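Colleague: What follows is a structure written as structure tokens; I'll ask about it next.
The values are calculated or read from the model by the stated rules, or taken from the named source; none is laboratory data. Computed from a predicted model, the values in this text were never measured in an experiment. Backbone-built Cβ (ideal geometry, glycine too); neighbour counts: all protein chains shown.
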Amino acid sequence: MRRERSRSPVRPQQPSPTAPPRKIIGFGERKPRAPGTGFSSGPPPAAGGFSTVAPAQPVPRQSTAEILEKYKQYNPQSNLSNHNKSDRQLYVGNIPLDISTEDLTQILNKALIDLGKPAGIFQGGNPVVGCWISGDGHYAFVDFRTPDEAT
């Protein structure tokens, strides 16, 4: 059974005498937002529409050959080459997303030297000579001086 609508006229609400008049927003009009709300709550763009914040400087990428040559300058007695690279590499997973290659190399070198002191290993210099972090930043491959140090 269908219910009938009331045929009484709808009376518009009477605004109170102290309230400011309301603007009726029609199709295609936007309701003004309070400052600091919405998606673009940041500072307004500078002249020309460009942001005043300088972009982050990209970290220069080095090839393995460049890393090896740099390391050989400081350790001429080492016999590093690209031929034994897979034997000298170690996978490191679950790394922080905001860590850089320099930070990861420094942390691993310090930890390995501290752990190797009682046994007398890793005392001839820094064992980690290079590092590559994946594009998504979840894992890295670390290059060691020798295959023995990687194991």
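Colleague: What number of residues within region 93-143 satisfy the criterion of being within 20 Å of A65 (Cα to Cα), assigned to a strand (DSSP E or B) and not hydrophobic (A, V, I, L, M, F, W, C)?
Modeller: Here the count works out to 2.
Colleague: Counting only residues that are of a type in the set (D, E) and under 13 Å from L108 (Cβ atoms), which one in region 123-150 is surrounded by the fewest Cβ atoms within 10 Å (Cβ to Cβ)?
Modeller: Among residues in region 123-150 that are of a type in the set (D, E) and under 13 Å from L108 (Cβ atoms), the one surrounded by the fewest Cβ atoms within 10 Å (Cβ to Cβ) is E149.
Colleague: Another one. With respect to Q77, is the statement that it is modelled with pLDDT of 90 or more and more than 22 Å from the chain's Cα centre (by Cα) true?
Modeller: So Q77 fails the test.
Colleague: While we're looking at this one, here's another question. Within the group L68, L112, which residue is at pLDDT 75 or above, surrounded by 11 or more Cβ atoms within 10 Å (Cβ to Cβ) and not polar (S, T, N, Q)?
Modeller: Just one listed residue meets the conditions, L112.
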